[in-house]
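A.B. asks: Let me give you the structure first, and then I'll get to my questions.
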Amino acid sequence: MAVAVGLGAAPGLAGETPLDGRAVMLRVEARPRGADETLHATWHLIDKRGGERARRVRAFWRDERGGDGDLHSKRLIVFDAPAAIRGTAFLVHSRSDPGQEDLRWVYLPALRKVRRIAGRDREKRFAGSDFTYDDLGERAPDEDDHVLLRDEDRDGRLHHVVESRPRGPAAYTRRVQWIDAERLLVTRAEFYDSADRLERTLEARWTERDGIWFWEYLELEDLRRKHRTRVEVREIRHDEDLPEDLFQDSTLALGIP
């Protein structure tokens, strides 16, 4: 049962200013994540008839906050199986400034070519999944305007429910997120289109290791296509000092070892 605490604010701890939507998202942003991350996962692409295709994926992420430029993070995704798409790779440099487009590239082995993804293509689906190119980057808190709608119980834990509306172009017009108030983890998200229709939902499950929370399972469902992408993490590592060269577009065509 939802427990409303007012529009746009929730009680803070004794002596603290009450939370608003932006304050919640800044807390999420500040959650410890480590300097970098490497994970191995399986993507299950499930159609409306229940038919399933599996993809084995490696993903690399590096925190760029506090660096010399305006980048928030870098992420590289590489497909290892099946053979038909082995070597396909996607690279995104996420920017912190809402006025600047993220930089995105895709490598298609069949063409032996690295292609820049234009901003107008941000809403296109990646490799037959339910992830858009926009989804695969990261959004800094000030790329959106946030409103704390309410606090409510979810699975026995208090959650902040925050609505976010992008300040610039994005693959949705608003999203609503359920954020574990103690752990600062997004456990559910809803994405709405330009007609304010619920278009996609995301459910995530998290686990903790060495003080760092990471998601081990998520499912993204496209309600219009009746299609789902389920991601199951098989292995994850943090703080391995991933090299800068790994996240350069010139590296994609060389193959990722």
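Since every read-out is calculated from the coordinates, none of them should be taken as a lab result. As the structure is a computational prediction, the values presented were derived from the model and not from experiment. Note that we place each Cβ from the backbone using ideal geometry, even for glycine, and neighbour counts take in every protein chain shown.
A.B. asks: Would you please name the residue that is nearest to the chain's Cα centre (by Cα), looking only at residues in the stretch 139-166 that are farther than 17 Å from residue 102 by Cα and part of a loop (DSSP other than H, G, I, E, B)?
C.D. replies: 155
A.B. asks: Would you check if residue 99 is part of a loop (DSSP other than H, G, I, E, B), surrounded by fewer than 20 Cβ atoms within 10 Å (Cβ to Cβ) and on the phi > 0 side of the Ramachandran plot?
C.D. replies: The answer is no for residue 99.
A.B. asks: Any residue in the stretch 111-133 that is hydrophobic (A, V, I, L, M, F, W, C), assigned to a strand (DSSP E or B) and over 19 Å from residue 74 (Cα atoms)?
C.D. replies: No, that holds for no residue.
A.B. asks: Residue check: is residue 38 surrounded by fewer than 17 Cβ atoms within 10 Å (Cβ to Cβ) and β-branched (Val, Ile, Thr)?
C.D. replies: no
A.B. asks: Identify all residues within the stretch 208-236 that are loosely packed, with under 13 Cβ neighbours inside 10 Å and basic (Lys, Arg); write none if there are none.
C.D. replies: 209, 224, 226, 234 - these are the residues of the stretch 208-236 that are loosely packed, with under 13 Cβ neighbours inside 10 Å and basic (Lys, Arg).
A.B. asks: A further question follows. Within the set of pairs 6 or more residues apart or between chains, which connect a residue that is outside any strand (DSSP E or B) inside the stretch 57-71 to a residue that is buried (at least 20 other Cβ atoms within 10 Å of the Cβ) and charged (D, E, K, R) with Cβ atoms less than 7 Å apart?
C.D. replies: So the pair list comes out as 64/74; 70/95.
A.B. asks: Restricting to the stretch 190-207, and then to whatever is more than 15 Å from residue 165 (Cβ to Cβ) and touching a Lys or Arg at 6+ places or on another chain (Cβ under 8 Å), can you tell me which residue is surrounded by the most Cβ atoms within 10 Å (Cβ to Cβ)?
C.D. replies: Among those residues, the one meeting the criterion is 202.
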